[in-house]
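The values are calculated or read from the model by the stated rules, or taken from the named source; none is laboratory data. This structure is a prediction, so every number in the text was calculated from the model and none was measured. All Cβ positions, glycine included, derive from the backbone under ideal geometry; neighbour counts span all protein chains shown.
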Amino acid sequence: MNKERTFAGIPAEFASAESAAVELICVPYDGTSTWGKGADHGPEAFLEAAENMELYDIETDSEVYRQGIWLAPDVTVNRSPEAMTDEVRRRVDASLESHRMITLFGGEHSISIGSIQGHAAKYEELTVLQIDAHADLRPTYEGSECNHACALHWARYNTNLLQVGIRSMDVSEKEHMDLSKTWMAHDCNHRPDVEWMSEVLAKCTDHVYITIDLDGFDPSIVPHTGTPEPGGLGWYQVLRLLKALCKTGKVVGFDIVELAANEHSKPSDFLAAKLYYKILSYCFNS
C-alpha cells in the first residue's frame, strides 16, 4: 500500500497517527474460506470505493473524518491462520494503548478473532455484537481453531456474544449457541424492528465490539461476499440497530469482513465503505 495514501483521500492533517481518533487496520487475508474467494482483495476495493465517497454525512450533519482516521499499515502475515490471528492480536494490543478507536477491515471473518481477544483483554465484560448470516461457532474446522467457520467460538465463551441475522449453521453448532442472545434472520424480518432491537440493546454491557460479516445483509444489496445467503437484513434495518447502539456511547471498536471484491461490479464495495463511515458518524455524533 502506498505509504502516502489516506482513508478516503482525506487531507493529511486528519490522517496522522499522532492526532487521529480512529485507527483503521486492513487485513487482506483469505486463507480459510471454503467457497467464494476474493476476501483478500476486499480491503483494496473498500479503500478505492471510499475514495469516491462523499465525506459529508447528511443524516448526522457531520464530517466525521475531521476526528482523524489513520490508515495503519496492513497486517500481511498469512503463513497460517494461527500466525495471522496472533499478528492481529499483537497489533490490536499495541494500538489499544494509543486510546484510538481501533477498526479493522478484512479479509475473511477469521481476522476478527485476534481483534476480539485484544478488546476483551482491555475491556471487562465485553459484549460482541455479531451481524452475520452464519453462526461461526465451530470449535475447529479443517484442523484449525482460527478458521472463518470458528470466528465467534472464542467470543461465545469469553465475552457476552449477541448474534443477529443468523440463517445458516451446521447442526453441531447448536450446542454452542445461546438462543437467548440470538436473533435469527427470519425472526428479525417477521417482528417489528423496535421490538427485537430493544432486546439486543438491553443485553449489551458497558463496552461493545461490533463484528459485521457483509453476508449478514441480503444478497440483493451485497452480492459480492464469500457465501451469500438469501433472506438477510436490509440496509436501513442494520443502520437503525447500529445508530441506536452508537447512541449509547458503548461502542469501543469494530470490524467489517468478507467483501469478496469483483472488479466488474462496485455496489458491494461502496456499501462497505459507506457502512464503515456511517458507524464512525454515529459513534462520534451520539
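Conditions (1) of a type in the set (Phe, Trp, Tyr); (2) within 14 Å of Asp132 (Cα to Cα); (3) out of contact with any Pro (no Cβ under 6 Å at 6 or more places or on another chain); (4) at pLDDT below 95, marked per residue:
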position: Glu199; (1), (2), (3), (4): no, no, yes, no
position: Cys204; (1), (2), (3), (4): no, no, yes, no
position: Ile210; (1), (2), (3), (4): no, yes, yes, no
position: Gly232; (1), (2), (3), (4): no, yes, yes, no
position: Gln237; (1), (2), (3), (4): no, yes, yes, no
position: Leu245; (1), (2), (3), (4): no, no, yes, no
position: Val251; (1), (2), (3), (4): no, no, yes, no
position: Glu263; (1), (2), (3), (4): no, no, yes, yes
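Pull up region 83-124, narrow it to residues that are of a type in the set (D, E, K, R) and surrounded by 15 or more Cβ atoms within 10 Å (Cβ to Cβ), then point me to the one that is nearest to Phe270 (Cα to Cα). Can you show your working first?
From region 83-124, those of a type in the set (D, E, K, R) are 86-87, 89-91, 93, 97, 100, 108, 122, 124; that's our starting set.
With the extra rule that they be surrounded by 15 or more Cβ atoms within 10 Å (Cβ to Cβ), the set shrinks to 86-87, 89, 91, 93, 100, 108, 122.
Details: Asp86: 30, Glu87: 28, Arg89: 28, Arg91: 27, Asp93: 29, Arg100: 25, Glu108: 18, Lys122: 32 Å.
Per the criteria, the residue is Glu108.
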Inset, instruction - Go through Gly253, Gly216, Gly232, Gly226 for me and flag whichever is small (Gly, Ala, Ser), buried (at least 19 other Cβ atoms within 10 Å of the Cβ), within 20 Å of Arg100 (Cβ to Cβ) and out of contact with any Cys (no Cβ under 9 Å at 6 or more places or on another chain). - result: Gly253
Inset, instruction - Output the qualifying pairs, or none if there are none: Cβ atoms under 7 angstrom, residues six or more apart or on different chains, first residue in region 2-22 and within 14 Å of Ser95 (Cβ to Cβ), second residue among the hydroxyl-bearing types (Ser, Thr, Tyr) and buried (at least 21 other Cβ atoms within 10 Å of the Cβ). - result: Val22/Thr103
Inset, instruction - State which residue is surrounded by the most Cβ atoms within 10 Å (Cβ to Cβ) when the search covers only region 257-286 and only residues that are assigned to a loop (DSSP other than H, G, I, E, B) and of a type in the set (Gly, Ala, Ser). - result: Ala260
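Determine whether Gly68 is at pLDDT 95 or above, of a type in the set (Gly, Ala, Ser) and either within 25 Å of Leu239 (Cβ to Cβ) or in contact with a Ser or Thr (Cβ under 8 Å, 6 or more places away or on another chain) (or both).
Working: at pLDDT 95 or above: yes; of a type in the set (Gly, Ala, Ser): yes; either within 25 Å of Leu239 (Cβ to Cβ) or in contact with a Ser or Thr (Cβ under 8 Å, 6 or more places away or on another chain) (or both): yes.
When the stated conditions are applied, Gly68 passes them.
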